[in-house]
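Have a look at the structure below before the remarks.
The values are calculated or read from the model by the stated rules, or taken from the named source; none is laboratory data. Quick caveat: nothing in here was measured; it's all calculated off a predicted structure. Cβ placement follows ideal geometry from the backbone for every residue including glycine, while neighbour counts extend to all protein chains displayed. Each accessible area value is taken on the protein alone, full model and side chains, heavy atoms only, with ligands, DNA and RNA left out. Shrake-Rupley method; radii C 1.70, N 1.55, O 1.52, S 1.80 Å.
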Amino acid sequence: MPSTPDVEDLLRTASLRVTRPRVAVLAAVHEHPHADTDTIIGAVREHLGEVSHQAVYDVLRALTAAGLVRRIQPSGSVARYESRVADNHHHIVCRSCGVIADVDCAVGDTPCLTAADDHGFSIDEAEVVYWGRCPTCSANPSV
Ligand SMILES: [Zn+2]
Ligand SMILES: [Zn+2]
């Protein structure tokens, strides 16, 4: 988990002005990988006190646009945010409880991006979601 100065450096590197809400939101995303917006708002409020949903949404949108945060949304799930960007890693999602874990690219960085037919597109991301049941849910079939 990066300390606050690191988060400020990340903002500066992305040419974003350092503001307290941005620092708090980016730190919260680092502390809570794959968190949904409500979790992030809760974490931000622990640091900043009262902050509006809209303010957090706006910051998340700015951080996502700047490439500091990656937004993922498995089907049937609300949007989740993570700070692990730019490595094209994949996700595994539990069908039962919705827990999400990171999965490194199955065959390295590039092959996952190499479509059999790219239709002339310049591809920069391939999204793979593995679905299944997590160990906790597998051990408890009634859930
Ligand atoms: Zn589960
Ligand atoms: Zn991830």
Asserting the computed 222 nm helical MRE of the chain (DSSP H runs at least 4 long, -39500 (n - 2.57) per run, divided by residue count, to nearest 500) equals -10500 deg cm²/dmol
For the range 12-27, Karplus-derived ³J(HN,Hα) couplings (6.51, -1.76, 1.60; θ = phi - 60°; whole Hz; x for glycine and proline) come out as 5, 4, 8, 6, 9, 5, 7, 10, 4, x, 5, 4, 5, 5, 5, 5
per DSSP, antiparallel bridges as share of beta bridges in the range 9-136, % nearest 5, sits at 65 percent
Subtracting the Cα-Cα distance of residue 89 and residue 37 from 0.36 nm times their residue separation yields 16.6 nm
Here, trypsin sites (Lys or Arg not before Pro) of the range 1-99 satisfying both criteria (DSSP loop; at most 10 other Cβ within 10 Å) are 17
Within the chain, excluding any GluC sites (Glu not before Pro) found in a DSSP loop (not H, G, I, E or B) and having at most 11 other Cβ atoms within 10 Å, the longest uninterrupted segment runs 51-124
Projected convex hull area of the range 56-101, Cα atoms, direction-averaged, in nm², equals 3.5 nm²
Any residue on another chain or 5+ positions along whose placed amide H is under 5 Å from the amide H of residue 105 is listed here as 90
Of every hundred units of 1.4 Å-probe accessible area on the chain, the number belonging to carbon and sulfur atoms, as a percent, is 52 percent
Once phi for every residue in the range 74-79 is put through the Karplus expression 6.51 cos²θ - 1.76 cosθ + 1.60 (θ = phi - 60°), the whole-Hz ³J(HN,Hα) values, with Gly and Pro written as x, are x, 4, x, 10, 6, 5
For the residue 118, residue 15 Cβ pair and Förster radius 30 Å, calculated FRET efficiency rounded to 0.05 is 0.50
Expressed in µm² per second, the diffusion coefficient of the chain from the Stokes-Einstein equation, with Rh the Kirkwood radius over alpha carbon pairs, at 20 °C and 1.002 mPa s, is 129 µm²/s
